[in-house]
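Pasting in a structure now, in structure tokens, and then I'll have a few things to ask.
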Amino acid sequence: MNKCVKCGCEKLIKTKVTLEKWINGKLIVVENVPAWVCKECGEKYFDAETTLKLDEYFYESVPEKIIEVPVFEYKEG
Ligand SMILES: [Zn+2]
């Protein structure tokens, strides 16, 4: 992986990111995910192995911890 599909530049850097995903109304967070991130536009890319593992985390694995997230609905007035 060395070219950004989104903006076409070749400034991808290997780093670790935190991913959030909503699944069935629950927010799932995976920390320290190895990723290639585009320096220009911020687009993230993952290799095949990482993508497979992420699916496991998102759909099958038992989480390390569960945190509660307060949600407010903004009301006018
Ligand atoms: Zn880009």
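Name the single residue, out of those in segment 1-30 being among the hydrophobic types (A, V, I, L, M, F, W, C) and within 10 Å of the chain's Cα centre (by Cα), that is most open to solvent (accessible area, probe 1.4 Å).
Val29
Quick check on my filter: what residues within segment 31-56 are more than 9 Å from the ligand (Cβ to nearest atom) and open to solvent by 100 Å² or more (accessible area, probe 1.4 Å)?
Matches in segment 31-56: Glu31, Asn32, Glu49, Leu52, Lys53.
Among Glu49, Glu68, Glu64, Glu76, which is at pLDDT 95 or above, in a loop (DSSP other than H, G, I, E, B) and not hydroxyl-bearing (Ser, Thr, Tyr)?
Matching residue, one of Glu49, Glu68, Glu64, Glu76: Glu76.
Would you say Leu12 is of a type in the set (A, V, I, L, M), within 16 Å of the ligand (Cβ to nearest atom) and in contact with a strand residue (DSSP E or B) (Cβ under 7 Å, 6 or more places away or on another chain)?
Spelling it out, Leu12 is indeed of a type in the set (A, V, I, L, M), within 16 Å of the ligand (Cβ to nearest atom) and in contact with a strand residue (DSSP E or B) (Cβ under 7 Å, 6 or more places away or on another chain).
The values are calculated or read from the model by the stated rules, or taken from the named source; none is laboratory data. Bear in mind that the values here come from a model prediction, so they are computed numbers and not experimental data. Positions of Cβ are generated from backbone atoms using ideal geometry, with glycine treated the same way; all protein chains shown enter the neighbour counts. Only protein heavy atoms, including side chains, enter the accessible area calculation; ligands, DNA and RNA are left aside. Shrake-Rupley method; radii C 1.70, N 1.55, O 1.52, S 1.80 Å.
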